[in-house]
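Q: Before I ask anything, let me first share the structure, which is written out below as structure tokens.
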Amino acid sequence: MNYRIVIIFILLILGCNSRTLTEYVLNEKDLVPEGIDYSKKKDAFYLTSVAKSKIVEVDRKSGKQKDFIREQEFGYTPGVGIYVDERRNLLHAIGGYYRYKDSLSSLFTFDINTKKLLKRYDVTDKGEHFLNDLIQDAKGNLYLTDSKDSSIYLLKYEADSLELFYRSSKIEFPNGIAISDDNTKLYIASFSKGVRTLDISTKRILNKPDTLGISQGIDGLEFYKGHLYAIQNGVRANTFNFRKLILDPTQEKITNVKIIASHTPKLDVPLTFCLVENEAVVIANSNLQYLNQETFNFVESDTIQKTRLLVYPIE
């Protein structure tokens with residue numbers, strides 16, 4: 001027997017098994033995932049569910065899935081934005097009823113190892129609120145978009161409650177949010193005004209509203225290597241797409257756009273994505289269009305496809 005050939009064959013098998021997938025098919029077609037983030041320590045994705053008010057863990061290498069928390073466990077409500085704090089072993093997930101008036105919108109913080117709820121932070125200010133997405137700075141402070149209030153809320157590290165950080169019609173209906181590598185600027189995806197750049201220290205908007213549809217109707221938003229990546233699902237003329245928003249040298253203004261993927265059978269009502277090394281993992285077909293967000297009844301049909309997470313290389 002040629003042992004050298006056997007060893008090479010074994011190494012090839014191990015190498016194939018260690019590769020990550022380029023597509024993940026979720027088990028529950030009625031899950032309707034909205035938020036996604038990745039834990040390097042766990043080598044797993046975490047997804048919030050709008051339809052089932054739970055959080056699902058997906059193994060990156062095998063694609064195997066299990067509940068991180070069960071339906072409505074700890075009082076969790078329909079899930080939207082999610083963020084993994086690797087340094088502190090925390091998982092932050094937003095929950096709330098978008099179509100319900102006067103309902104609580106909350107941030108839930110879990111221990112990612114024990115899966116126990118550590119704290120729930122509610123927006124208690126008067127008026128209509130819907131926390132939607134979140135990002136963390138280097139100090140552990142969290143910034144959260146409030147879509148109904150045209151505002152940003154702040155949870156300072158180790159604080160006991162949320163506080164209003166910024167409110168303005170300049171960020172009307174904010175959704176996705178990202179932060180620059182130097183932690184000086186927030187990028188806020190206003191549905192109607194496009195991505196606005198907010199100087200964190202002065203709370204001043206640094207760019208003009210988008211009138212061309214380049215960055216309007218953005219849901220998921222991430223900052224990577226000096227530029228922005230985004231899911232655009234709110235501009236019908238552009239169709240559903242995943243795009244790169246190219247920033248100028250000051251990282252304040254969008255100067256160009258590059259379409260990475262546009263409407264296909266698999267990229268249908270995409271919502272958000274997360275970054276893993278030099279790849280983006282996108283919730284490609286959320287099935288949100290089949291969910292009644294007032295009754296939470298999901299349309300049953302054999303023609304509805306299971307949700308896929310698609311992996312795209314990025315620069």
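The values are calculated or read from the model by the stated rules, or taken from the named source; none is laboratory data. None of these values were measured; they are calculated from a predicted model. Note that we place each Cβ from the backbone using ideal geometry, even for glycine, and neighbour counts take in every protein chain shown. Quick note on the areas: whole protein, heavy atoms, side chains included, nothing else; ligands and nucleic acids left out. Shrake-Rupley method; radii C 1.70, N 1.55, O 1.52, S 1.80 Å.
Q: Report, ordered by chain and residue number, the aspartates and glutamates lying within cross-link reach of Lys185, taken as a straight Cα distance under 17 Å and ignoring same-chain residues fewer than 8 apart.
A: Correct list for Lys185: Asp133, Asp137, Asp199, Glu222, Asp248, Glu252.
Q: Can you work out the Karplus-derived ³J(HN,Hα) for every residue in segment 203-219? Use 6.51 cos²θ - 1.76 cosθ + 1.60 with θ = phi - 60°, whole Hz, and x for glycine or proline.
A: Ordered by residue, 3J(HN,Hα) equals 6, 10, 6, 9, 9, 8, x, 7, 10, 10, x, 5, 10, 7, x, 8, 9 Hz.
Q: Find out how many positive minus negative residues lie around Lys29, taking Lys and Arg as positive, Asp and Glu as negative, among other residues whose Cβ is under 11 Å from that of Lys29.
A: Working: positive: Lys306, Arg308; negative: Glu28, Asp30, Glu300, Asp302.
Counting the neighbours of Lys29, the net charge comes to -2.
Q: Quick check: residue separation of Phe74 and Ala237 times 0.36 nm, minus the Cα distance between them. What number comes out in nm? Display every interim value, and only then the final one.
A: Numbers: separation 163, 0.36 × 163 = 58.68 nm, distance 4.10 nm.
Value of the extension gain: 54.6 nm.
Q: Considering only Ser147, Ile135, Ser168, whose Cα is most displaced toward the positive end of the charge dipole of segment 133-209, charges sitting on Cβ of Lys, Arg (+1) and Asp, Glu (-1)?
A: In segment 133-209, that residue is Ser168.
Q: For the residue pair Lys61 and Asp182, what label-to-label distance in nm results when each label sits 7 Å from Cα along the Cα-to-beta-carbon direction?
A: My value for the distance between the label points is 4.0 nm.
Q: List the pairs from Lys170/Lys258; Lys116/Lys156; Lys148/Lys266; Lys29/Lys148; Lys119/Lys139; Lys29/Lys66 whose alpha-carbon separation is above 23 Å, in the order I gave them.
A: Lys170/Lys258; Lys148/Lys266; Lys29/Lys148
Q: Using all Cα-Cα distances in segment 28-313, what percent lands in each 5 angstrom bin from 0 up to the longest?
A: 1, 6, 13, 18, 21, 19, 14, 7, 2, 0, 0
Q: Mind listing the phi-derived Karplus ³J(HN,Hα) values for segment 90-96, rounded to whole Hz, using 6.51, -1.76 and 1.60 with θ = phi - 60°, and x for any glycine or proline?
A: With coefficients 6.51, -1.76 and 1.60, one gets 10, 10, 9, 9, 8, x, x Hz.
Q: Can you show me the helix-derived [θ] at 222 nm for the chain, built from DSSP H runs with n ≥ 4 at -39,500 (n - 2.57) apiece and divided by the number of residues, rounded to the nearest 500. The partial results should precede the final answer.
A: Working: 1 runs with 16 residues, N = 315.
Per the formula, -1500 deg cm²/dmol.
Q: Around Ala178, under 14 Å between beta carbons, what's the net of Lys plus Arg minus Asp minus Glu among the other residues?
A: Values: positive: Lys185, Arg196, Lys225, Arg243, Lys244; negative: Asp37, Asp133, Asp137, Asp181, Asp182, Asp219, Glu222, Glu252.
After counting each charged neighbour, the total is -3.
Q: Still on this model: Note the angle between two axes, namely the Cα long axis of helix 3-18 and the longest principal axis of the Cα atoms of the chain, as a number of degrees from 0 to 90, rounded to the nearest 10.
A: Value to nearest ten degrees: 20.
Q: Taking Cα pairs under 8 Å and at least six residues apart, what relative contact order does the chain come out at, in percent? Walk me through the numbers before you get to the answer.
A: Numbers: 793 pairs, mean separation 39.6, N = 315.
Once divided by the residue count of the chain, the mean separation gives 13 percent.
Q: Further, regarding this structure: Quick query: amide H of Asn241 versus all other amide H atoms, modeled in the peptide plane; which residues come in under 5 Å with a sequence gap of 5 or more or a different chain?
A: Gln232
Q: Right, next: Taking the Cα centre of the chain as origin, work out the dipole magnitude from +1 charges on Lys and Arg Cβ and -1 charges on Asp and Glu Cβ, in debye rounded to 20.
A: Dipole about the Cα centre, nearest 20: 520 debye.
Q: Work through the residues other than Phe273 whose Cβ is under 13 Å from its Cβ and net out their charges, Lys, Arg +1 and Asp, Glu -1.
A: On the way: positive: Arg243, Lys244, Arg308; negative: Glu34, Asp37, Asp133, Asp219, Glu222, Glu279.
It works out to a net charge of -3.
Q: Counting only residues 5 or more places away or on other chains, whose amide H sits under 5 Å from the amide H of Phe165 once H atoms are built in the peptide plane?
A: Correct list: Ile152, Tyr153, Leu154.
Q: Enumerate the calculated ³J(HN,Hα) couplings along segment 294-308 in order (Karplus 6.51 cos²θ - 1.76 cosθ + 1.60, θ = phi - 60°), each rounded to whole Hz, writing x wherever the residue is Gly or Pro.
A: 9, 9, 6, 8, 9, 5, 8, 7, 5, 7, 6, 7, 5, 5, 10
Q: Over segment 28-313, with every protein chain in place, what whole percent of the accessible area is carbon and sulfur at 1.4 Å, could you tell me? Each step should come with its number before you reach the end.
A: On the way: 5830 of 12400 Å².
The value for segment 28-313 is 47 percent carbon and sulfur by accessible area.
Q: Using a probe radius of 1.4 Å on heavy atoms only, what accessible surface per residue do you get for the chain? Whole Å² is fine.
A: Numbers: 14940 Å² over 315 residues.
Per-residue accessible area for the chain comes out at 47 Å².
Q: Can you spot the aspartates and glutamates whose alpha carbon is less than 16 Å from Lys40's alpha carbon? Ignore those fewer than 8 places along the same chain.
A: Correct list for Lys40: Glu57, Asp59, Asp85, Glu86, Asp111, Glu277, Glu279.
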